[in-house]
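Written out below as structure tokens is the structure these notes cover.
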Amino acid sequence: MAALPFELAPAIAALPFVSFLIALLVGAFAPRLLPKGGAIPGILATAGSLLLSIWAFVAVSGSADGMYHEYITWVAGAGEATLDLHFGILLDPLSTMMLIIVSLVALLVHVFSLGYMNDEGETGLPRYYAGLGLFTASMLSFVFANNLLMAFMFFELVGLCSWLLIGFWFREEGPPSAAKKAFLVTRFGDYFFLVGVVGVLATFGTSMFVGSENMEAFPHIAEQVLAGEGAVEVTTFLGFEPQAWFAVLGLLILGGVVGKSAQFPLHTWLPDAMEGPTPVSALIHAATMVAAGVYLVARIYGFYALLPQVLAFIAFVGGFTALFAATMGVVKKEIKQVLAYSTISQYGYMMLGLGAGGYVAASFHLLTHAFFKALLFLGAGSVIIAMHHNENMWDMGGLKEKMPVTYYAFLSGSLALAGIVPFSGFWSKDEVLYEAFVHGLNSPLLLGAYAMGLLAVFFTGFYTFRMVFLTFHGEPRTDTARDPHGVGWNVKFPLAVLGILAAVTGLVNMVPVQKLLGVEGIDFLHQWLDAGPEVLSAHHYSTLTHDFAHYTAGTIGSADLTVLLSAGVSLGLALAGAGAAWLLYDVPEPVRHTDRLGRIKTVLFNNYYQDEFQVWLAQGVTLPVAKAADKFDQGVIDGVVNGASSVSLFGGSRIKRVQTGVVSNYAFLLTTGLIVLLVAFGIMGGWF
Amino acid sequence: MVPIEYYLLLSAAVFCIGVFGILTRRNALLFLMSVELLLNAANINLVAFSRFHGNLTGQTFSLFTLALAAAEVAIGIGIVLVLYRNFDDVDVTEATTMRW
């Protein structure tokens, strides 16, 4: 019998699910009874989830083994060499932290939706709130899932909710198309993930994240196999050695991660997903759903830490995506597009951190990014309300005086995003880059990824402040900007909460300060992620990356100098980017400086022609291949089947003529048969 | 005692006459008679071997065959009657509706 908060843990996900059911059923049968189109049940449910998550968080830190793990078996294997499938709840430091992030952002987004959807007179609100509720429920279930298969199921549900909500305005042309694109692109990645899940089950016989009395966790089995200790046996396929086969499995699961976390080359869906309502963008496409991919890697980091090639790949993809997306963000003219590319870029940093062995750093960035990016999207939503749903930054300007709460909250988020000290983004991004840097000193590939991440810091600073200055500073450029629509408390309250969080969250893990000043014990997040069960702890992961991936921290000069150098360079670049934006755009009448980039701008504005490339891939490569396969199927495969049937049809139509209906003929055939039989027996029996 | 070969020859001759009748005649009644010949050829065989082996089973069995033949004639004549009603003839080559 577990303690009370753990008994209530399923309710963390069940509450939003109930709000989904209420919004759906009451909205369908008695819409008049539904207060605020379903917002009130949603707010209550997410608030309940938040309280329970915090309670679970406190209880985990107080419990003896630092975690809570409970599961039920829904498919029990019979006999030898079979496997069981489970549903379960795993509450450990990482998952409780993520639960709080998700439920907090979901709560604030529900409140914000009152201002963005209800007050703007949208129709179809029960559908909207049902989508939000289902999304929150599935994301929370994904977070506390205790095995890979369950995680996969809710991963898919989250994708479904994303599809429902992006296509919320389904009567317009853009949203349904964007929704389909998001669904298909992420599904492409999830296909690999599914194969990976099956592969893990087939290899290890379990997909548990953490061991229990009668079952080992699969990362731990992999660790034992690679260390060559114990009598653990695994089944590998296709003739691979365990090391290589695990790398294949890791890459397959990474497919889902790359799709969901919008990493290159599957990032193309995220900017289009901005067609959805802005609170949805804040909740799903910035703070939580996109985080699912990165969270998954962090969740099974004990597995990835064993695979140096996969880690290097993750780091490189992450670093590349960070830079690649940041450059595209520089030229966009719509406020949400800039934020969309910054989201892709920031998730690139998290992947870089994970690949570089910075488990805590990446989790930290996940935490701070959730707050400041939700803040920026909600701030953008507030601006969009004020601008009567015009998202073009060139039509804005001078909103600073008109909407001070939004401005200061947005500024706090922007400083965090750009990584300016002491806002939260600085601490987390700096830690990610620091990890990549110190490990990169001994590994050129990581150093390359680090260089790309570092360069992206400059672009991040630039596009962030370009956005801030174009939106809020200077002279109003249109009539709407001169007389913006006011926003209510339900918009300002979430902005204020997130604005404060974006400013101060960094204080939970001030590692550079600790290292430089020698103040022990202020790396709270590090201690927290180190606290849980041994195999899921941060120091275990760093041991693994050291033993298996041979990550060692290098230094330049002294350790203090390395810390200073890393922090100084990234801060300097962020300030340089912000300063450049200040020089160019903080003027009363800014001009389109990016036009001077000429053809480079065209390329950037068209997203490096990635969409065109993918369309070409679908139409120019996949379609002909599919047509050829269809021809082969219709011609050869079906031809053989049809040929066999037409031969027997033709034969039957001829042979059936034996049936004349004349009894004498039958008698003749019988007699002939008898005689032939007799003669045959005679010859074989040697009568003649 | 008459050797068994004679009985067998007689039986074979009767059987061949029956087969010949079935193959060449078109009248359903003659068909029926030919079938009787076939049955009786078999009976002759049974009785002959029964006597040859000194075992009465064959003779008993031939009694069953006789009873069966009587039943068969009853049904056969019924069929012939139906044939006549439907086709106004007892020619078996006329009734060719059960065909492909």
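The values are calculated or read from the model by the stated rules, or taken from the named source; none is laboratory data. All values derive from a computational prediction rather than experimental measurement. Positions of Cβ are generated from backbone atoms using ideal geometry, with glycine treated the same way; all protein chains shown enter the neighbour counts.
Here A:MET351 fulfils each of the conditions (1) out of contact with any helix residue (DSSP H, G or I) (no Cβ under 6 Å at 6 or more places or on another chain); (2) crowded, with 24+ Cβ neighbours inside 10 Å apart from (1).
Could you count how many residues in the range B:70-100 are away from every other protein chain (no Cβ under 14 Å), within 20 Å of B:ARG25 (Cα to Cα) and under 14 Å from the mean Cα position of the chain (by Cα)? So the answer is 4.
Being in contact (Cβ under 8 Å) with a residue 24 or more places away in the chain, more than 23 Å from the chain's Cα centre (by Cα) and over 26 Å from A:MET117 (Cβ atoms): is that true of A:GLY205 here?
Working: in contact (Cβ under 8 Å) with a residue 24 or more places away in the chain: yes; more than 23 Å from the chain's Cα centre (by Cα): yes; over 26 Å from A:MET117 (Cβ atoms): yes.
So A:GLY205 fits the description; yes.
With the condition kept exactly as written, say whether any residue in the range A:90-107 is part of a helix (DSSP H, G or I), in contact with a helix residue (DSSP H, G or I) (Cβ under 7 Å, 6 or more places away or on another chain), closer than 30 Å to A:VAL198 by Cβ and among the small types (Gly, Ala, Ser). Scanning the range A:90-107 turns up at least one residue that is part of a helix (DSSP H, G or I), in contact with a helix residue (DSSP H, G or I) (Cβ under 7 Å, 6 or more places away or on another chain), closer than 30 Å to A:VAL198 by Cβ and among the small types (Gly, Ala, Ser). Looking across the range B:1-24 at every residue that is surrounded by fewer than 17 Cβ atoms within 10 Å (Cβ to Cβ) and closer than 26 Å to B:LEU81 by Cβ, the one that is farthest from the other protein chains (Cβ to nearest Cβ) is identified as B:ILE17.
Being over 19 Å from A:ALA667 (Cβ atoms), of a type in the set (A, V, I, L, M, F, W, C), modelled with pLDDT of 90 or more and more than 16 Å from the chain's Cα centre (by Cα): is that true of B:LEU8 here?
Numbers: over 19 Å from A:ALA667 (Cβ atoms): yes; of a type in the set (A, V, I, L, M, F, W, C): yes; modelled with pLDDT of 90 or more: yes; more than 16 Å from the chain's Cα centre (by Cα): yes.
Considered against the rule, which asks whether it is over 19 Å from A:ALA667 (Cβ atoms), of a type in the set (A, V, I, L, M, F, W, C), modelled with pLDDT of 90 or more and more than 16 Å from the chain's Cα centre (by Cα), B:LEU8 comes out as yes.
Right, A:PHE87: of a type outside the set (Gly, Ala, Ser), touching a residue at least 12 places away in the same chain (Cβ under 8 Å) and assigned to a helix (DSSP H, G or I) or not? Against the criterion (of a type outside the set (Gly, Ala, Ser), touching a residue at least 12 places away in the same chain (Cβ under 8 Å) and assigned to a helix (DSSP H, G or I)), A:PHE87 does not qualify. Is at least one residue of the range B:39-60 within 12 Å of chain A (Cβ to nearest Cβ) and either of a type in the set (D, E, K, R) or touching a Leu at 6+ places or on another chain (Cβ under 8 Å) (or both)? Within the range B:39-60, not a single residue is within 12 Å of chain A (Cβ to nearest Cβ) and either of a type in the set (D, E, K, R) or touching a Leu at 6+ places or on another chain (Cβ under 8 Å) (or both). Reported count of residues in the range B:1-60, each being farther than 29 Å from B:ASP91 by Cβ and of a type outside the set (Val, Ile, Thr), is 24.
Any idea which of A:ARG657, A:ARG599 is within 14 Å of chain B (Cβ to nearest Cβ) and surrounded by fewer than 10 Cβ atoms within 10 Å (Cβ to Cβ)? Even if it seems obvious, please write down each step before you answer.
Details: A:ARG599 fails: within 14 Å of chain B (Cβ to nearest Cβ).
Matching residue, one of A:ARG657, A:ARG599: A:ARG657.
Within the range A:299-322, the set of residues being surrounded by fewer than 24 Cβ atoms within 10 Å (Cβ to Cβ) and part of a helix (DSSP H, G or I) comprises A:GLY302, A:PRO308, A:GLN309, A:VAL310, A:ALA312, A:PHE313, A:PHE316, A:VAL317, A:PHE320.
Suppose we filter A:GLY682, A:GLY673 for residues that are away from chain B (no Cβ under 11 Å), surrounded by 11 or more Cβ atoms within 10 Å (Cβ to Cβ) and at negative phi; which single one remains? It is A:GLY682. Counting the residues of the range A:28-42 that are surrounded by fewer than 22 Cβ atoms within 10 Å (Cβ to Cβ) and touching a residue at least 12 places away in the same chain (Cβ under 8 Å) gives 4.
Residues in the range A:655-682 that are β-branched (Val, Ile, Thr) and outside any helix (DSSP H, G or I): A:THR660, A:VAL662.
Just to be sure before I move on: is A:GLY652 small (Gly, Ala, Ser), in a helix (DSSP H, G or I) and either surrounded by 10 or more Cβ atoms within 10 Å (Cβ to Cβ) or at the interface with chain B (Cβ under 10 Å from one of its Cβ atoms) (or both) in the structure I sent? Explain how you work it out, then say what you get.
Details: small (Gly, Ala, Ser): yes; in a helix (DSSP H, G or I): yes; either surrounded by 10 or more Cβ atoms within 10 Å (Cβ to Cβ) or at the interface with chain B (Cβ under 10 Å from one of its Cβ atoms) (or both): yes.
In short, yes.
Restricting attention to the range A:381-406, the residues that are over 12 Å from A:VAL487 (Cβ atoms), in a helix (DSSP H, G or I) and not basic (Lys, Arg) add up to 4.
Report yes if A:ALA574 is aliphatic (A, V, I, L, M), farther than 30 Å from A:TYR304 by Cβ and touching a helix residue (DSSP H, G or I) at 6+ places or on another chain (Cβ under 7 Å), otherwise no.
Values: aliphatic (A, V, I, L, M): yes; farther than 30 Å from A:TYR304 by Cβ: no; touching a helix residue (DSSP H, G or I) at 6+ places or on another chain (Cβ under 7 Å): yes.
The answer is no for A:ALA574.
Annotation: B:PRO3 fulfils all but one of (1) under 15 Å from the mean Cα position of the chain (by Cα); (2) over 29 Å from A:VAL662 (Cβ atoms); (3) modelled with pLDDT under 90; the unmet one is (1). Count of the range A:208-239 residues, restricted to those that are in a loop (DSSP other than H, G, I, E, B) and at pLDDT 80 or above, is 3.
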